[in-house]
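Working notes, beginning with the structure itself.
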Amino acid sequence: MATYADSGTTSMISLRGVSKTFDKTIHAVVDVDLEVAEGEVVVIVGPSGSGKSTVLRCINLLEVPTEGFVTVDGFELLNPRTDIDHVRAEVGMVFQQFNLFPHLTVLENITLAQRKVRGRSRSEAIEVAVRQLTRVGIPEKADAFPRQLSGGQQQRVAIARSLAMDPKVMLFDEPTSALDPEMVKEVLDVMLELASEGMTMVVVTHEMGFAKAAADRLAFIDEGEIVEVGPPEEIFANPRHERTRAFFDKILY
Amino acid sequence: MGGEVATKSTRHQTEGAARVRDEKPWWDTFPWWGAFIAAVLAWMAVQIITQDDYALAWERIIPGLSLTLVATIEAFAIALLLGLTAGMGQLSRNVVIRNIARTYVEFIRGIPMLPLIFTVALIIVPETSDYVNQRLDAWFGVTYKLSFQMRATVTLALIYGAYMAEIFRGGIQSVPPGQTEAGRSLGLTRRQTMRSVVLPQAMRAIIPPLGNDFIAILKDTSLLSVLGVLEITQRGRQFSASTFKFREGYFVVSFIYLCLTLGLSILLGVLERRMTRDRKGER
Ligand SMILES: Nc1ncnc2c1ncn2[C@@H]1O[C@H](COP(=O)(O)OP(=O)(O)O)[C@@H](O)[C@H]1O
Ligand SMILES: [Mg+2]
C-alpha cells in the first residue's frame, strides 16, 4: 500500500532538490524545487532540451530522479514502499503525441484503465467515458478508432481518457505542439475549462496566451534549472534574469 | 515530360509513375510462377492417379500425413510458449532472467538441427530420464517415457522457440514506447500494460513471421525420419528402399509437402493482406 509522507505539506505536488542525470553525463534536471498547491495551475516554459519534459515526467515517475524528493498528494514517490501504480492513477498525463491506443476504439481507450485500475463495471466505465467525451465535445466519436480522428480530436480523447480516472493532478507535455494551427484552440479551450474548475495542473507549453489566461504561476527552466518562478504577467513584463529576458525576446514578438 | 495534357485522374500518383505502370503489359505482371507451379502440381497429381507405381507409393506414404501434421502443430505450440517466454525474458528488467533467455537463444541458434535432434533424443533424454523419473516418482508417483517422436518434436520446438523469441522481442520493441508510457501513466501495471496495450499491437508485426515459421516447422518435421518416426519422409524412405522405386517415392513425398506449404503460404498471404487492409490510414 502507499505510504504517507511524515511532513504535513499542503502542496499537492512537491519537488525538493530533484535532479535527473542521463547516462552519467547528461544533466537534464538540476536541483529543482517546485511546490504546486491544490487547484493551482503552473505553466513551465523554456528552450528546447532545457529539461521541461523530464521535470514533468519526474512527477509521475516516468523518469526516476537521480536525486531529491517527490511527493504527490502526500505520497512519497521515491519511497520503495509507495505503490507507484496507485499514485499514477491519481496523476493524469497528456502527451505531445497523444499516445492513444490505436488498436482500441475511443470508448475502449477511455474505459480500459477505469476497469483494470479503478475496478469499475463495464456500464459504469462507459457512463464515465461518455460523460468525459461530452465534456471535451466529441461524444459522437465514441466508436471511432483513433486513426479516424483529427489531431485535435485525438488529443481531446487523450484528455478525456485521463480525466475518466478522476485524477487529482493533470500533467500536460506540450499538448498542442503536434497539432495543426487550426486545432490548437479546441484543445486549449478544454484545458482552460479544466483550470477554471479547479484542477491542479502542470503544463509545459509554448502557448503564452494560455499561460496568461490560466497560469497562477509561470516557471522558466533553462539548462535543467528553474531560473525564475512567478505570476505570468510579472515575468512577461519584467523578467528578473537575463536568460528569461533573452528567451522571451526570442518567442514573443 | 510528355507533351500531351494528362486527363483528369482520380489516382494520387504522379503522371510519370502512373504512365510507367499503365504501360506494363499484362504478361509482365502476371504471376507466371504461380501458374507454373499449379501446372506442375496438376501434372504430378495426374501421374499419381493414372500410374500404378505412383498410386502405390501414395497409398504407402499418405498415412504419414497425420503424424507430420500432429508433430507440426505440437512443435509450433510448444515453440510459441518458449518463444513468448524467452522473447519477453530478454526484455525483462531482471538481469538473471534476461541472461538466461539470451543464453538459450544464442546457444540453440548456433547448433544445426540434425545434431541437436540426435543430442536430445539419444543423449540428453536417456541420460536424464532415470534421474527425472526417480524425482517424479518420489514427488508425484508418476513416471514418463518420451517417444522418439516426442523427443524430436520437443527439439524442433526448442529450436523454433529460439527463433520465435527474436520475433516476439522485435514485435514488442516495434511498439512505440509512448504506448507503454500512456498505459503506465493511467495506473496500469507493467503486466496489464503488456497484455492490453503492447502485445495486441505487437501481434501485427509478429503474426506474419510466425506463419512463415509454421511452414518451416512443417518442412523440418521431415527430420523426424532420422529417428524412425513414421511421418511422410520416413514412409517415403521405406517405400523407396523396399521397392527400389526411388523416383515414385520421393516424387509423392515432394508432392505432398508442396501441396501443404503452398496452400499454407496462400492462406498466410490472405491473412496478411487482410491485416494491412485493416491498418490502412493508421498513422
Ligand atoms: N531518455 C533519455 N536519455 C538520455 N538523454 C535524455 C533522455 N531524455 C531526455 N534527455 C536529455 O535531457 C535533456 C532534457 O530533455 P527534455 O526534458 O526532453 O527537454 P525539453 O522537454 O525541455 O525539450 C536533453 O538534453 C535531452 O537530450
Ligand atoms: Mg519536451
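The values are calculated or read from the model by the stated rules, or taken from the named source; none is laboratory data. All values reported here derive from a predicted model rather than from experimental measurement. Neighbour counts are summed over all protein chains in view; Cβ atoms, including those assigned to glycine, are modelled from backbone coordinates with ideal geometry. When the accessible area is computed, the model is the full protein with side chains, heavy atoms only, and any ligands, DNA or RNA have been set aside. Shrake-Rupley method; radii C 1.70, N 1.55, O 1.52, S 1.80 Å.
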To the nearest 0.05, the calculated FRET efficiency linking B:Ile123 and B:Leu65 through their beta-carbon distance, R0 being 30 Å, is 0.50
If the label point sits 7 Å along Cα→Cβ of B:Ile207, residues of segment B:64-89 with amide N under 13 Å come out as none
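Write down the percent of antiparallel bridges among all DSSP beta bridges whose residues are both part of segment A:113-253, to the nearest 5.
Details: 5 of 10 bridges.
The answer is about 50 percent antiparallel.
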Mean per-residue count of partner chain Cβ within 10 Å for A:86-98 equals 3
Largest-first semi-axes in Å of the equivalent ellipsoid built from the Cα gyration tensor of segment B:54-207 are 35, 22, 15
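Let me check something: with ligands and nucleic acids excluded, how do A:Lys116, B:Lys24 order by accessible area (1.4 Å probe), largest to smallest? Don't jump to the answer; show the numbers that get you there.
On the way: A:Lys116 90, B:Lys24 110 Å².
Sorted by accessible area, descending: B:Lys24, A:Lys116.
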Interface B-A: total buried accessible area (1.4 Å probe, Å², nearest 100) of 2000
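Across peptide A:111-121, how many C-beta atoms of other chains are within 10 Å of each residue C-beta, on average? Walk me through the intermediate numbers first.
Details: counts 0, 6, 10, 2, 1, 9, 5, 2, 0, 0, 0.
Per residue, the number of nearby Cβ atoms from other chains is 3 on average.
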Measure of exposure for B:Trp58: accessible area at 1.4 Å probe, Å² rounded to 10, is 80
Taking alpha-carbon centroids only, segment B:102-160 lies from segment A:135-174 a number of Å equal to 52
Distance in Å, no decimals, from the C-alpha centre of segment A:39-105 to the one of segment A:183-253 is 18
The answer for the per residue Cα convex hull volume of chain B, in Å³, is 216
Once A:Cys58, B:Cys259 are ranked on solvent-accessible area with the largest value leading and a 1.4 Å probe, the list reads B:Cys259, A:Cys58
When every protein chain stays in place and a 1.4 Å probe is rolled, B:Tyr163, B:Tyr54 sorted by accessible area with the largest first are B:Tyr163, B:Tyr54
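Efficiency by 1/(1 + (r/R0)^6): what FRET value for B:Cys259 and B:Asp52, r their Cβ-Cβ distance, R0 = 22 Å, to the nearest 0.05? Could the numbers behind the result be given before it?
On the way: r = 21 Å, r/R0 = 0.96.
Efficiency at R0 = 22 Å is approximately 0.55.
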Using a 1.4 Å probe on heavy atoms of the protein chains only, the accessible area for B:Asp52 in Å², nearest 10, reads 130
Log10 I(q)/I(0) at q = 0.17 Å⁻¹ for segment B:95-175, from Debye over equal alpha-carbon scatterers, is -0.82
Using alpha-carbon coordinates alone, the radius of gyration and Dmax of segment A:174-214 in Å work out to 9.8, 28
Taking a ≥ b ≥ c as the square roots of the Cα gyration tensor eigenvalues, with a/c under 1.5 meaning rounded and otherwise prolate when a/b beats b/c or oblate if not, segment B:212-260 comes out oblate
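Please report the projected area of the protein assembly as shown's Cα convex hull averaged over all directions, in nm². Walk me through the numbers on the way to the answer.
Details: hull surface 152.6 nm².
The orientation-averaged projected area of the Cα hull of the protein assembly as shown comes to 38.2 nm².
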Taking R0 as 45 Å and r as the Cβ-Cβ distance between A:Val64 and B:Val226, the FRET efficiency 1/(1 + (r/R0)^6), rounded to the nearest 0.05, comes to 0.25
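Kirkwood Rh, chain A, all Cα pairs: how many Å? Each step should come with its number before you reach the end.
Working: mean 1/r = 0.0533 Å⁻¹.
It works out to 18.8 Å.
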Working note, segment A:154-242: Cα radius of gyration (Å, one decimal) and Dmax (Å, whole number) are 13.8, 42
In Å², rounded to a whole number, the accessible area per residue of chain A with probe 1.4 Å is 44
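Could you work out the Kirkwood radius for segment B:166-283, taking every pair of different alpha carbons, averaging 1/r and inverting it, reported in Å? Don't skip to the answer; put the middle values down first.
Values: mean 1/r = 0.0570 Å⁻¹.
Kirkwood radius, segment B:166-283: 17.6 Å.
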Here segment A:34-44 yields Karplus 3J(HN,Hα) values (6.51, -1.76, 1.60; θ = phi - 60°; whole Hz; Gly and Pro given as x) of 7, 10, 10, 6, 4, x, 8, 10, 10, 9, 9
